[in-house]
Amino acid sequence: MKSRGSCLCGKIRYEVNKTSDNIDHCHCTFCQKYHGAAFGTYIEPVTPDNFSWLEGEELVGRYQSSSHSARLFCSVCGSALVAEINGGEVLAPTAATLDGEVAAAEAAHMFWQSKAGWCEVNDDLPKYDTYPPSMDEFTPTD
């Protein structure tokens, strides 16, 4: 299944050729700062061969947020677009930048121990202190 996404100003567009059935909410401190919100929501990671920039790749900014991940964003409007994990081995697009309906269901909360104290979550999704088991193959190597 192909999905397309874009940034707020529309100068960057991308395509994901294979999307997961799951989306996860990440409560890590980096995601809170990156999104300016209590958590970031991502489709589960895809390999680079299932992701392509359609337009505006030269406008993609990159911030190395940890030893194993970087945040890719629009350098014009600031939209948070993709989490790049393990040096680009896998890419996790932000669910909110997908255009149209997202054909995936909420699956889990991760990095729950970092949850913003002011955010009340009232769902029955599993809550993990690291990555959920469904992402074991994508877990950072260091």
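The values are calculated or read from the model by the stated rules, or taken from the named source; none is laboratory data. Computed from a predicted structure; not experimentally measured. Cβ: placed from backbone, ideal geometry, glycine included. Neighbour counts: every protein chain shown. The accessibility values were calculated without ligands, DNA or RNA, using every heavy atom of the protein model including side chains. Shrake-Rupley method; radii C 1.70, N 1.55, O 1.52, S 1.80 Å.
Looking across region 63-76 at every residue that is open to solvent by 50 Å² or more (accessible area, probe 1.4 Å) and out of contact with any Phe, Trp or Tyr (no Cβ under 9 Å at 6 or more places or on another chain), the one that is modelled with the lowest pLDDT is identified as Ser67. Leu91 passes all but one of (1) surrounded by fewer than 16 Cβ atoms within 10 Å (Cβ to Cβ); (2) under 22 Å from Tyr14 (Cβ atoms); which number fails? Here Leu91 meets the rest and fails (1). All of Asn50, Asn22 fail the test of being in contact with a helix residue (DSSP H, G or I) (Cβ under 8 Å, 6 or more places away or on another chain), at negative phi and polar (S, T, N, Q), apart from Asn22. Applying the set (1) in contact with a Cys (Cβ under 7 Å, 6 or more places away or on another chain); (2) among the hydrophobic types (A, V, I, L, M, F, W, C); (3) buried (at least 19 other Cβ atoms within 10 Å of the Cβ) to Ala80 leaves exactly one unmet item: (1). Looking across region 20-31, the residues that are open to solvent by 30 Å² or more (accessible area, probe 1.4 Å) and either in a strand (DSSP E or B) or closer than 14 Å to Ala107 by Cα (or both) come down to Asp21, Asn22.
All conditions in (1) more than 15 Å from Cys9 (Cβ to Cβ); (2) at pLDDT 95 or above; (3) open to solvent by less than 40 Å² (accessible area, probe 1.4 Å) hold for Pro45, with the sole exception of (2). State yes or no: is Glu58 among the acidic types (Asp, Glu) and at pLDDT 95 or above? So Glu58 fits the description; yes.
Scanning region 90-105 for residues that are assigned to a strand (DSSP E or B) and either over 22 Å from Asn22 (Cα atoms) or within 14 Å of the chain's Cα centre (by Cα) (or both) turns up Val90, Leu91, Ala92, Pro93, Thr94, Leu98.
Looking at region 67-89, is at least one residue of a type in the set (Phe, Trp, Tyr) and more than 14 Å from the chain's Cα centre (by Cα)? No, every residue in region 67-89 fails to be of a type in the set (Phe, Trp, Tyr) and more than 14 Å from the chain's Cα centre (by Cα). Determine, yes or no, whether Ala83 is in a loop (DSSP other than H, G, I, E, B) and aliphatic (A, V, I, L, M). Here the answer is no, as Ala83 does not meet what is asked. Restricting attention to region 50-62, the residues being free of Cβ contacts under 8 Å to residues at least 24 places away in the same chain and either assigned to a loop (DSSP other than H, G, I, E, B) or open to solvent by 40 Å² or more (accessible area, probe 1.4 Å) (or both) number 2. Of the residues Gly100, Gly87, the single one that is in contact (Cβ under 8 Å) with a residue 40 or more places away in the chain and out of contact with any helix residue (DSSP H, G or I) (no Cβ under 8 Å at 6 or more places or on another chain) is Gly100.
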